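Let me begin by presenting the structure, written as structure tokens, before commenting on it.
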Amino acid sequence: MHKRHIQAVCVAAAVGLCGSGSAVGAVPESDESIKIVTNNWTSQVVQSHIAATLLQDMGYSTEMVPTNTELQWPALEDGEVNLQMEVWEGINREQFNEGVEAGTILDVGQHDATTREEWWYPAHVEEQCPGLPDWQALNDCAEIFATPETYPSGRYLGGPVEWNKGDHALVEALDLDFKVINAGSASALWAELDAAVRAEEPIVMFFWKPNWAASAYEGSFVEFPANEEACNDDPEWGPNPDVTGDCGNPYPAWLKKAMSPNADEQWPCAVELVRNMNFSDAEVNEMSRLVDQEDLDYEEAAEKWIEDNAEQVESWQPECATSA
Ligand code: TMO
């Protein structure tokens, strides 16, 4: 148990008097543990461990629950899980907005970080496929991206299938001469990127920011038609008059936090802390770098991040967490 940040855990709990003079419930308001969703990319897991540590410091118990960007929604609604620290607009815009509207999730705020998830290539590919970053250049040089399993079409190296990026639909909608091959994990993506960069081989792959790799490798996102509302609503819009979705991922896109709908009744003070938690682009980069480049494990990275950012962490502490 960590008790570094909150020295004065409410000692008045026994008489029901906590907070600055006013009678508020003791923290933790419930012994039930707060179940924190983990997904399979680094910054999300480190953020989850940072949240876990700060919540434990307040007296809550927490549990990590690995799940994915689809299954987490019904699980949040049912209260089987309670907190998701990193909801990416590029994956979950609809589920998030619909959940807030329907009251099946609690919107606990947006990070300062702005995000992008898209097809991407390292800098050396620019010369190999002139016309990039415009998406229309892709078909002119599809064959240089081919692998034995995709030849003569190009290979687009996607992220894990469960990230649900809709790449097959995009290939169809824009009539791209590419086959989508999904990497099994984020680290498989990084390994392929590193090998391609060393050998100066053509590669076009999934990439996202903020992320340590954006500082480690120079490169550019492919520029697809912009993700305007009409692209998703109106088939007429965009290069393909027959379908919606003939555009890239949303950009610049948001990063938000979600909790289970009754979290503010079960653990109101925890909800306040989570509302206050807010990471910038640079901070998300750094927490992923600590694991993927410095080889810390997730818990160590969370610890280090908290130590290195003590003032900011202090500023997140809600009044309900400290005794008078
Ligand atoms: C946030 N993600 C790694 C799925 O792009």
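Using 7 Å Cα-to-Cβ label points, what is the Ser187/Asn262 separation (nm, one decimal)?
3.9
To the nearest 10 square angstrom, how much accessible area does His168 have with a 1.4 angstrom probe?
Ignoring ligands and nucleic acids, His168 comes out at about 120 Å².
Rounding to the nearest 20 debye, state how big the charge dipole of the chain is about its Cα centre with +1 on each Lys and Arg Cβ and -1 on each Asp and Glu Cβ. Present the calculation step by step, with values, prior to reporting the outcome.
Values: 15 positive and 60 negative charges, 190 e Å.
Dipole about the Cα centre, nearest 20: 920 debye.
Using a 1.4 Å probe, what is the accessible area per residue for region 115-213, in Å²?
Per-residue accessible area for region 115-213 comes out at 43 Å².
Between rounded, prolate and oblate, where does region 127-241 land on the alpha carbon gyration tensor, with a ≥ b ≥ c its root eigenvalues, rounded for a/c under 1.5, else prolate if a/b exceeds b/c?
Judged from the Cα gyration tensor, region 127-241 comes out prolate (a/c at least 1.5, a/b above b/c).
Run down the aspartates and glutamates and flag those whose C-alpha is under 16 Å from the C-alpha of Lys304, throwing out any fewer than 8 positions away in its chain.
Correct list for Lys304: Asp57, Glu283, Glu286, Asp292, Glu294, Asp295, Glu314.
Mind computing the radius of gyration and Dmax over the alpha-carbon atoms of region 19-168? Å is fine for both.
For region 19-168, the Cα radius of gyration and maximum Cα-Cα distance read 21.2, 73 Å.
Just need the relative contact order of the chain here, percent rounded to a whole number, with Cα pairs under 8 Å and 6+ apart.
Contact order relative to length: 28 percent.
With an 8 Å cut-off on Cα pairs and a minimum separation of 6 or more residues, tell me the relative contact order of region 257-324 in percent.
Relative contact order here is 40 percent.
Cut-off 16 Å, label point 7 angstrom out along Cα-to-Cβ of His124: give me the residues of region 132-161 whose amide nitrogen falls inside.
144-146
Would you mind pulling out the separation of the Cα centroids of region 83-113 and region 160-188, in Å?
Cα centroid of region 83-113 versus Cα centroid of region 160-188: 23 Å apart.
Do the alpha carbons of any pairs in Lys209/Lys257; Lys35/Lys209; Lys165/Lys257 sit beyond 23 Å of each other, and which pairs?
Working: Lys209/Lys257 17 Å; Lys35/Lys209 26 Å; Lys165/Lys257 20 Å.
Flagged as over cut-off: Lys35/Lys209.
Putting +1 on Lys and Arg Cβ atoms and -1 on Asp and Glu Cβ atoms, find which of Ala199, Leu176, Pro268 reaches farthest to the positive end of the dipole of region 154-275.
Pro268
In terms of the Cα gyration tensor, with a ≥ b ≥ c the square roots of its eigenvalues, is region 140-195 rounded because a/c is under 1.5, prolate because a/b exceeds b/c, or oblate?
Cα axes put region 140-195 in the oblate bin.
Run the helix sum for the chain: -39,500 (n - 2.57) per DSSP H stretch of 4+ residues, divided by residue count, reported at 222 nm to the nearest 500 deg cm²/dmol.
On the way: 13 runs with 113 residues, N = 324.
Mean residue ellipticity at 222 nm (helix-derived): -9500 deg cm²/dmol.
Write down the Kirkwood hydrodynamic radius of the chain, to one decimal in angstroms, obtained as one divided by the mean of 1/r over all alpha carbon pairs.
Working: mean 1/r = 0.0470 Å⁻¹.
Taking the inverse mean of 1/r over all distinct Cα pairs, the chain comes out at 21.3 Å.
The values are calculated or read from the model by the stated rules, or taken from the named source; none is laboratory data. Note that the structure is a prediction, hence the values are computed from the model and not measured. As a convention, Cβ positions derive from the backbone with ideal geometry for all residues, glycine included, and neighbour counts pool all protein chains shown. In case anyone asks, the SASA skips ligands and DNA or RNA and just uses the protein heavy atoms, side chains included. Shrake-Rupley method; radii C 1.70, N 1.55, O 1.52, S 1.80 Å.
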